[in-house]
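*Asks:* Structure in structure tokens, see below.
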Amino acid sequence: MTAGSTLIACRALVRRDLTLVWRRRGDALNPILFALIVVALFPLALGPEPEVLRRIAAGVIFVALLLAGLLALDTLFRSDYEDGSLEQLVLSPHPLALLLACKIAVHWFTTALPLIVAAPLLGELLHLADPVRPVLLAALLLATPLLSLIGAICVALTVGMHRSGMLLALLVLPLYVPVLIFGAGACNAAGNALPYAAPLLWLGAALVVALVVAPLACAAALRISLS
Amino acid sequence: MSPLTEISRPPLLEARGLAFARNDEPVFGPLDFVLHTGEVVLIEGDNGSGKTTLLRVLSGLLTPTEGEIRLHGAPLTLDLLSPQVALLSHANGLKPELTALENLRFAAGLHGLRHGISPPTALAGVGMDGYADVPTRRLSAGQKKRVALARVLLAPVALWLLDEPYANLDPEGIGLVNRLLENHAHRGGAALITSHGAYAYTSGTPRSIPLHARPARDLTGEGRPRGDGLPGHSLGDDAGLSPARPGTPP
Amino acid sequence: MNVLTYWFHKLGSPPVFDRLARVLAPWCYGLALVLGAIALYGGLALAPADYQQGDAYRIIFIHVPAAWMSLFAYIFMAVNAFIALVWRIKLSEVLAMASAPTGAAFTFITLVTGSLWGKPMWGTWWTWDARLTSELVLLFLYLGVIGLYHAIEDRRQAARAAGFLALVGVVNLPIVHFSVNWWNTLHQGSTVRLLGPSKIDAAMLWPLLLMALATHLWFFGTLLARTRNGLLEIDGGKDWARSIVLASQPGAAGAATERSHV
Amino acid sequence: MSDFLAMGGYGTYVWSSYAVFFIVLAIDALAPRAQRRRVLAELRGRLLRRRSRTLPTP
């Protein structure tokens, strides 16, 4: 198999996954609605004082997006596993890790990116301070791909199970802890007029490592759970 | 199937002492058989006798517990195998939201394309030319099977592993499967197919590997010759049908 | 080298390991009990009270060994999971999964004793101290591994999947610790150092180290027992396992009946 | 002796810590025994099932 045909395979996969999302575009809005509702619950629980909300805004948005992403994770391999196209993917002559990286990229593009676009709106609901807004966006842009990549490994491990929702959360959330700490931490530092570059750089470094390692790990995990 | 032809060229597929167990419960094997180019072999067996598992092992999705698989005489690895086999399993690998043609185009992109065939001609080849733009979810089970067969037809591979290719098909469809298999065999390909035995492949040289529910004595190890795990104990011999066995004097 | 690989293979064979474990496990338990008793006497009776914390510090003699064990068990699990995934050694799969419950137990003990120590010292049951938070994440990692292992039906596939998760976790663990430390300095929370910079007295040190040794031995005792069960489970059809099963009587505990069969 | 039990006023915390330590570890050591009984019972059943299937066939 030549590099050219691998490129063709990746392009075919990306096109197919995008088409599928487009055909089910009604579902694409669900993560945003979920995040919106979660964010709306906090003023209801804590009271509407802008000062209180401003202090927790970045953290709440981060957690809401993380949970929305977690719910969306399940769709990454679920339908492919059920209709047998996942085993066709494994049996294809191209590097599985590369194909999975394409799948994860499409998944991030169609689930996480809309959430990031909606983040300023969520920030407005919680009176997010102005200087924090760009930092929040930067942190989300670095953190959400990391969450998708780490999550994909765990989804690959649970793909054969019928009811994996709670278990998936148990596997994924401990691994999400550092990403949450650095992402929300950068926002909090910006809110307190402290330097926030370091956590963002850490996120960036972790993202570079994960981009290389996570698809390989995901492929290995998938081979285990399909056996 | 004379011994001479076996020596002159390495078989396309060769299994030696192949066995698979799950939770220490044997699913099939140990099995010995060879498959040459131009052959279509039927794997016969009752429900639960491990036909599907055998095909998944041969496709490289599962690692055998014991024994080895050789492809053109070389020991199998997934990298070596995947460009050379096409698998049709129970889940037919079609996306319900995509049209028949879109599904085939994706398969062609993923697995490559056999020389002289294209997704539309493959669709016509399985008698589905009018359905190119119909979402697969609106097709009947038999029609989906035909589209899945078209996917197998597209792949530039010699070895077809078809799990229940006759299921859900009408008599005409059964004839179609037999025709596809025959053409593939003439092209120099080979196929292993499973069936309950209701609609067997009739043309060419029909040969079968019986895969009965394992006799219980093999499970406990009693009555089995010493040195378990060594290849050589073929289920085919028990049933009186003799799939070719390498290394056995004629 | 040849001798080494020979022994490696010999020990890796389930029947040999089973026989060895049957002999070793009681020794592990026994030694652990004796050493633990001496350590307790040293820690509770001989060691003087701390000039700052009074007698409350005596929780250290179980809290710190348990914390060490929680990490040790995880590393042990991850190393075995790695061996199992790379070389597909059956014994390593079983060893990795057998160390998870004990590791989780030690993590749980660490959290509870830490909390019981924190109440009189900090005036609160829980504080988001960097170490306690990392330990909590560690407990979740353990529970994830155990949960995944029990959610998959095929034992060997389950061991491989859960072992893979353990490996992902071991990469994650230092990052968690690092991030939690960073987060803690950012918030300047109620961090009170349990162990001040003051040097620990020798009369306090030896019971601590002895207890650590005892917990290691106890860990290996339960590990051997669990590994024997695991090997029996995945090797149930093999001759050696069959003879053990046949020798056991319904209702009787395994240990009593096996002795008749050697 | 009561001084020893009081632990300088921290008795509740110290002794409950030690109780948790011993109870959890005891459970952890007893669990494999129960597990062994379960595994043996299951394997015995499996063996019996196979044997009853084997007997009719020569």
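The values are calculated or read from the model by the stated rules, or taken from the named source; none is laboratory data. It should be emphasised that the depicted structure is a prediction, and the values quoted were computed from it without experimental measurement. Reconstructed Cβ throughout: ideal geometry from the backbone, glycine too, with neighbour counts over all protein chains shown. With ligands, DNA and RNA removed, areas are computed over all heavy atoms of the protein, side chains included. Shrake-Rupley method; radii C 1.70, N 1.55, O 1.52, S 1.80 Å.
*Asks:* For C:Ala66, state whether it is assigned to a helix (DSSP H, G or I), more than 30 Å from C:Gln157 (Cβ to Cβ) and either open to solvent by less than 20 Å² (accessible area, probe 1.4 Å) or within 11 Å of chain D (Cβ to nearest Cβ) (or both).
*Replies:* Yes.
*Asks:* Checking the condition at pLDDT below 90 and either over 15 Å from the mean Cα position of the chain (by Cα) or in a helix (DSSP H, G or I) (or both), which residue from C:Ile59, C:Ile83, C:Ile109 passes?
*Replies:* C:Ile59
*Asks:* Residue by residue through the stretch A:65-88, note down the ones that are surrounded by 20 or more Cβ atoms within 10 Å (Cβ to Cβ), free of Cβ contacts under 8 Å to residues at least 40 places away in the same chain and under 15 Å from A:Val155 (Cβ atoms).
*Replies:* Correct list: A:Asp80 only.
*Asks:* Filter the stretch C:139-160 down to the residues that are under 20 Å from the mean Cα position of the chain (by Cα) and at the interface with chain A (Cβ under 7 Å from one of its Cβ atoms), then identify the one that is surrounded by the most Cβ atoms within 10 Å (Cβ to Cβ).
*Replies:* C:Leu141
*Asks:* Next question. Restricting to the stretch B:115-144, name every residue that is of a type outside the set (A, V, I, L, M), open to solvent by less than 20 Å² (accessible area, probe 1.4 Å) and under 22 Å from B:Ile174 (Cβ atoms).
*Replies:* Result: B:Thr136, B:Gly142.
*Asks:* So for the stretch A:185-198 (the condition being closer than 20 Å to C:Ala81 by Cβ and at the interface with another protein chain (Cβ under 9 Å from one of its Cβ atoms)), does at least one residue qualify?
*Replies:* Checked the stretch A:185-198: no residue is closer than 20 Å to C:Ala81 by Cβ and at the interface with another protein chain (Cβ under 9 Å from one of its Cβ atoms).
Matching residues to (1) out of contact with any Lys or Arg (no Cβ under 7 Å at 6 or more places or on another chain); (2) surrounded by fewer than 20 Cβ atoms within 10 Å (Cβ to Cβ); (3) at the interface with another protein chain (Cβ under 8 Å from one of its Cβ atoms); (4) part of a helix (DSSP H, G or I):
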residue	(1), (2), (3), (4)
B:Ala19	yes, no, no, no
B:Asp32	no, no, no, no
B:Val41	no, no, no, no
B:Val57	yes, no, no, yes
B:Gly60	yes, no, yes, no
B:Gly67	no, yes, no, no
B:His90	yes, yes, yes, no
B:Glu97	no, yes, yes, no
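*Asks:* Going residue by residue through the stretch C:169-185, is there one that turns out to be away from chain A (no Cβ under 12 Å) and among the polar types (S, T, N, Q)?
*Replies:* Scanning the stretch C:169-185 turns up no residue that is away from chain A (no Cβ under 12 Å) and among the polar types (S, T, N, Q).
*Asks:* Can we say C:Ser115 is closer than 25 Å to C:Ile62 by Cα and free of Cβ contacts under 8 Å to residues at least 24 places away in the same chain?
*Replies:* Spelling it out, C:Ser115 is indeed closer than 25 Å to C:Ile62 by Cα and free of Cβ contacts under 8 Å to residues at least 24 places away in the same chain.
*Asks:* Here is a further query. For the stretch C:1-56, enumerate the residues that are of a type in the set (Asp, Glu) and assigned to a helix (DSSP H, G or I).
*Replies:* Result: C:Asp18, C:Asp55.
*Asks:* I've got another one for you. Suppose the filter is within 14 Å of chain A (Cβ to nearest Cβ), open to solvent by less than 20 Å² (accessible area, probe 1.4 Å) and closer than 30 Å to B:Asp32 by Cα; does B:Ala86 pass it?
*Replies:* yes
*Asks:* Moving to a separate point now. Going by the structure shown, is A:Val38 within 14 Å of chain B (Cβ to nearest Cβ) and touching a helix residue (DSSP H, G or I) at 6+ places or on another chain (Cβ under 7 Å)?
*Replies:* no
*Asks:* Please verify whether the stretch A:31-54 includes one or more residues that are in contact (Cβ under 8 Å) with a residue 40 or more places away in the chain and either more than 20 Å from A:Arg133 (Cβ to Cβ) or of a type in the set (S, T, N, Q) (or both).
*Replies:* yes
*Asks:* Here is a follow-up. Which ones in the stretch A:173-198 are within 26 Å of C:Leu141 (Cα to Cα) and touching a residue at least 24 places away in the same chain (Cβ under 8 Å)?
*Replies:* Residues satisfying the conditions are A:Leu173, A:Leu175, A:Tyr176, A:Pro178, A:Val179, A:Leu180, A:Phe182, A:Gly183, A:Ala184, A:Ala186.
*Asks:* Run down C:Thr127, C:Thr133 and say which single residue is surrounded by fewer than 24 Cβ atoms within 10 Å (Cβ to Cβ), away from chain D (no Cβ under 14 Å) and in a loop (DSSP other than H, G, I, E, B).
*Replies:* Within the list C:Thr127, C:Thr133, the selection yields C:Thr127.
*Asks:* If you don't mind, another one. For the stretch B:145-159, name all the residues that are of a type outside the set (D, E, K, R) and open to solvent by 20 Å² or more (accessible area, probe 1.4 Å).
*Replies:* If the condition is that a residue be of a type outside the set (D, E, K, R) and open to solvent by 20 Å² or more (accessible area, probe 1.4 Å), then B:Pro156, B:Ala158 are the ones that fit.
*Asks:* Residue by residue through the stretch A:80-96, note down the ones that are facing chain B (nearest Cβ under 8 Å) and of a type outside the set (Asp, Glu).
*Replies:* If the condition is that a residue be facing chain B (nearest Cβ under 8 Å) and of a type outside the set (Asp, Glu), then A:Gly84, A:Ser85, A:Gln88, A:Leu89, A:Val90, A:Leu91, A:Ser92, A:Pro93, A:His94 are the ones that fit.
*Asks:* Right, next: Do the conditions hold for D:Arg33, that is, is it basic (Lys, Arg) and either over 11 Å from the mean Cα position of the chain (by Cα) or more than 7 Å from every other protein chain (Cβ to nearest Cβ) (or both)?
*Replies:* Taking the combined requirement at face value, the residue does not satisfy it.
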